[in-house]
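Peer 1: Mind having a look at this structure? Questions to follow.
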Amino acid sequence: MRSEGTANPHGTASPQAVSSENRSPQVKTNGGGNDEDGGAGERGGARGPGNFGKVGMFCGEAEEEFKWLLREEVHAVLRQLQDILKEASHRFTLPVSGSEGPIKQENFILGSANADQVKGVLTLQGDALCQADINLKMPRNTQLVHFAFRDDKQWKLQQIQDARNHVNQAIYLLTNRGANYQFRTGCEVLKLMDAVMLQLTRARNRLTTPATLTLPEIASSGLTKMFTPALPPDILVNFYINLNKLCLTVYQLHALQPSSTKNFRPAGGSILHNPGAMFEYSNQRYEVSHVHKVESVVPWLNDALVFFTVSLQLCQQLKDKIAVFSGYWNYKLY
């Protein structure tokens with residue numbers, strides 16, 4: 001329902017560079033020690049005062065670098081994340097012109113590389129389908145059936161609405177830690193990144209994972225009452241987002257007679273049901289005879305998915321930097 005981007009770390013040592021120093025320096029000593037080490041060593045080796053001084057100096061430098069990371073670089077990453085996610089949020093509500101005004105309408109031509117039984121044009125305005133014009137060629141008699149949304153009807157695409165809400169929640173979490181906010185511990189940064197990543201993952205999953213619906217759920221949805229002329233009783237339709245595509249699935253049904261000897265097995269929930277799937281609705285049993293899926297790429301959905309991926313990578317990179325220092329202080333206050 002993804003292109004990748006990376007942000008180069010700046011100003012601090014890379015996780016690889018710091019991690020190579022994450023172990024205490026190995027001090028070589030002989031069994032008897034020597035004067036240069038500050039005194040006699042015990043058998044088996046000893047660290048002299050001079051070496052403890054080196055260790056302390058090393059830890060002091062690392063601690064200063066960690067303080068700088070919390071004070072400066074964390075906020076730089078947060079600002080970068082805010083900029084990226086604001087761009088992502090704007091993609092969901094593109095205005096007609098400039099930064100104000102009504103959300104513009106976009107027309108998308110539906111098509112399929114495998115068949116031409118279904119053709120149509122969908123008009124998307126933000127998270128709502130405000131018009132649908134669909135032509136269906138019936139396979140039995142090649143009759144052309146046309147149906148469109150009523151003028152007073154719009155169909156909300158819950159996936160887009162939910163994804164936008166999760167993005168806005170991530171932005172809220174970031175802006176709640178303004179430039180003057182002082183992070184005191186590494187753990188505090190990790191918790192913030194985890195919360196932001198959770199919202200971004202949910203936003204991405206809403207676009208990449210359409211809802212699994214049963215056929216009775218599709219039959220009983222308000223979508224069936226959106227069209228004029230009304231949909232024939234042997235036709236079901238479903239709209240959904242899959243990655244960066246706006247999809248329409250049309251199911252043609254065959255009513256099963258009470259005397260049918262077919263073994264009736266109701267189908268469970270699925271994103272896409274196959275021919276032969278059975279279900280019961282309003283005391284009538286049906287079998288899916290034909291399935292037609294058509295789709296159209298929505299460019300700004302692709303942009304949003306790229307923004308999600310880049311933002312998740314930035315969050316993880318910051319977490320990795322914080323984790324490098326965790327072995328020294330275990331997120332203690334300084």
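Peer 1: For Gln182, only one of the following conditions fails: (1) over 25 Å from Gly120 (Cα atoms); (2) open to solvent by 20 Å² or more (accessible area, probe 1.4 Å); (3) under 27 Å from the mean Cα position of the chain (by Cα); (4) not small (Gly, Ala, Ser). What is its number?
Peer 2: So Gln182 meets the others, but not (3).
Peer 1: Among the numbered conditions (1) farther than 30 Å from Gln82 by Cβ; (2) touching an Asp or Glu at 6+ places or on another chain (Cβ under 7 Å); (3) surrounded by 13 or more Cβ atoms within 10 Å (Cβ to Cβ), tell me where His273 comes up short.
Peer 2: It is condition (2) that His273 fails.
Peer 1: From the list Ala230, Ala219, Ala255, which one is open to solvent by 60 Å² or more (accessible area, probe 1.4 Å) and small (Gly, Ala, Ser)?
Peer 2: Ala230
Peer 1: Oh, and also: Can you confirm whether Asn135 is under 30 Å from Asn274 (Cβ atoms) and touching a His at 6+ places or on another chain (Cβ under 6 Å)?
Peer 2: For Asn135, the condition - under 30 Å from Asn274 (Cβ atoms) and touching a His at 6+ places or on another chain (Cβ under 6 Å) - is met.
Peer 1: Now for a separate question. For the condition within 30 Å of Glu73 (Cα to Cα) and not β-branched (Val, Ile, Thr), what is the one hit in Asp234, Asp320?
Peer 2: So the residue among Asp234, Asp320 that is within 30 Å of Glu73 (Cα to Cα) and not β-branched (Val, Ile, Thr) is Asp320.
Peer 1: Could you tell me which of the residues Arg204, Arg177 is of a type outside the set (A, V, I, L, M, F, W, C), out of contact with any strand residue (DSSP E or B) (no Cβ under 7 Å at 6 or more places or on another chain) and buried (at least 20 other Cβ atoms within 10 Å of the Cβ)?
Peer 2: Arg204
Peer 1: Within segment 296-320, restricting attention to residues that are outside any helix (DSSP H, G or I) and not polar (S, T, N, Q), which residue is most open to solvent (accessible area, probe 1.4 Å)?
Peer 2: If we take residues in segment 296-320 being outside any helix (DSSP H, G or I) and not polar (S, T, N, Q), then Val297 is most open to solvent (accessible area, probe 1.4 Å).
Peer 1: Hand me the list of strands (runs of 3 or more DSSP E) wholly inside segment 78-169 holding 3 or more residues that are modelled with pLDDT of 85 or more, surrounded by 15 or more Cβ atoms within 10 Å (Cβ to Cβ) and of a type in the set (A, V, I, L, M, F, W, C).
Peer 2: It comes to 118-125, 128-137, 144-149.
The values are calculated or read from the model by the stated rules, or taken from the named source; none is laboratory data. Since the model is a prediction, treat every value here as computed from it, not as a measurement. Cβ atoms come from the backbone with ideal geometry, glycine included; neighbour counts cover every protein chain shown. Ligands, DNA and RNA are excluded from the accessible area calculation, which covers all protein heavy atoms including side chains. Shrake-Rupley method; radii C 1.70, N 1.55, O 1.52, S 1.80 Å.
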